[in-house]
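*Asks:* Got a structure for you, questions after.
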Amino acid sequence: MFDYFNPYRIFKINSTLQKIVFFCFIIVLSIGLVEALFLSPEDYLQKDSVRIMYVHVPAAWISLGIFSTIALLSFSVFVFKNKNLILISKSLAPSGILFTLIALVTGSIWGKPTWGTWWAWDARITSMLILFFFYTLYLLSFRIFEDQDRSNKISSIIAIFGAINIPIIKFSVDWWNTLHQPASISLTEKSAIHSSMLVPLVIMTAAFALFSVLIFLMKYNTELIKIKNKGLKRL
């Protein structure tokens, strides 16, 4: 079934999708920024500083989602022995580490007016920093080891091991007494956030998701070009 994911077959499809995704990203981002900066109300305690949430929270969600996907694909590599899964995982990682960094930076900026400090070794913040290190190790593994099979194996192990940190990030605010507030949005319970703030948050999350897809498509095509060039050199 993995013949469908043949890199050479989907190269042209990706090139077309990039234009479509970029167009959708610009539209959704524009709507999200208008909603977040102008139409959504300020918080009664945090005032306008709460607007950082519309960047911080989606970035954190996307970074966690991407690493979870990478870990799942990495586990599948050992099961199905398909190298295309490595290629997909490797192409997802750049946007994942970017959004993790955005989440850390915006969290620090938000923490200054809220907690009175730029950084605190809070359980949620610290576990997010650890996630950033796992992303870094995952990407470095492809550069450090020249042997492709070895780098694929080590990167997959890093991703699978790093997946242990995902539930720690998610439940850290419940397991420990932390500065970070508990989750305001739940799939099983009524959300604690008002719809006037929830709507722009969802739109900005959609915009960030489109941006991550755009980076993935660009990176994936770049990897395909590398594979093609290696093939030509061998000839």
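Taken together, the values in this text are just the output of simple stated rules run on the coordinates, not laboratory data. Since this is a predicted model, take the numbers as computed values, not measurements. With ideal geometry, Cβ positions are generated from the backbone for all residues, glycine too; neighbour counts draw on all protein chains shown.
*Asks:* Assuming R0 = 35 Å, can you tell me the calculated FRET efficiency for the pair Ser49 and Phe80, based on Cβ-Cβ distance, to the nearest 0.05?
*Replies:* The computed FRET efficiency comes out at 0.15.
*Asks:* Sorted from fewest to most neighbouring beta carbons within 10 Å, what does the list Ser30, Ser68 look like?
*Replies:* Placing the least packed residue first, the sequence is Ser30, Ser68.
*Asks:* Continuing with the same structure: Ignoring the sites themselves, what is the longest stretch of the chain with no trypsin sites (Lys or Arg not before Pro) in a DSSP loop and at most 13 other beta-carbon atoms within 10 Å?
*Replies:* My reading of the result: 82-189 is the longest stretch.
*Asks:* Determine which lysines satisfy two conditions relative to Lys226: a Cα distance under 23 Å, and not lying fewer than 8 residues away in the same chain.
*Replies:* Answer for Lys226, where 23 Å is the Cα cut-off: Lys12, Lys19, Lys81, Lys83, Lys90, Lys153, listed by chain and number.
*Asks:* All other residues with a Cβ under 12 Å from the Cβ of Ile169 taken together, and with Lys, Arg as +1 and Asp, Glu as -1, what is their net charge?
*Replies:* Spelling it out: positives minus negatives among the neighbours equals 0.
*Asks:* Turning to a different aspect of this structure: Would you mind pulling out the separation of the Cα centroids of segment 9-34 and segment 112-132, in Å?
*Replies:* 32
*Asks:* Here's something else I'd like to know. On the principal axes of its Cα set, how long, how wide and how thick is segment 53-207? Give whole Å, largest value first.
*Replies:* Cα spread of segment 53-207 along its principal axes, largest to smallest: 49, 29, 27 Å.
*Asks:* For Pro113, what is the net charge nearby, where nearby means another residue's Cβ is under 13 Å from its Cβ and Lys, Arg count +1, Asp, Glu -1?
*Replies:* 0
*Asks:* Rounding to the nearest 20 debye, state how big the charge dipole of segment 1-144 is about its Cα centre with +1 on each Lys and Arg Cβ and -1 on each Asp and Glu Cβ.
*Replies:* 640
*Asks:* Hey, fewest Cβ within 10 Å first, where do Val199, Val79, Val34, Val57 land in order?
*Replies:* Taking fewest neighbouring Cβ atoms as first place, the list is Val79, Val34, Val199, Val57.
*Asks:* Leu201: net charge of surrounding residues, Cβ under 14 Å, Lys/Arg +1, Asp/Glu -1, itself excluded?
*Replies:* -1
*Asks:* Hey, rough spin-label estimate for Ser196 and Ser108, points 7 angstrom out along Cα→Cβ, what's it come to in nanometres?
*Replies:* My value for the distance between the label points is 3.3 nm.
*Asks:* Which listed residue (Ile26, Phe67, Leu214) has the Cα farthest towards the positive end of the charge dipole for the chain, taking +1 on Lys and Arg C-beta and -1 on Asp and Glu C-beta about the Cα centre?
*Replies:* Selected residue: Leu214.
*Asks:* Per the helix-only calculation at 222 nm, which mean residue ellipticity applies to the chain, given -39500 (n - 2.57) for every DSSP H run of n ≥ 4 and division by its residues, nearest 500 deg cm²/dmol?
*Replies:* About -26500 deg cm²/dmol.
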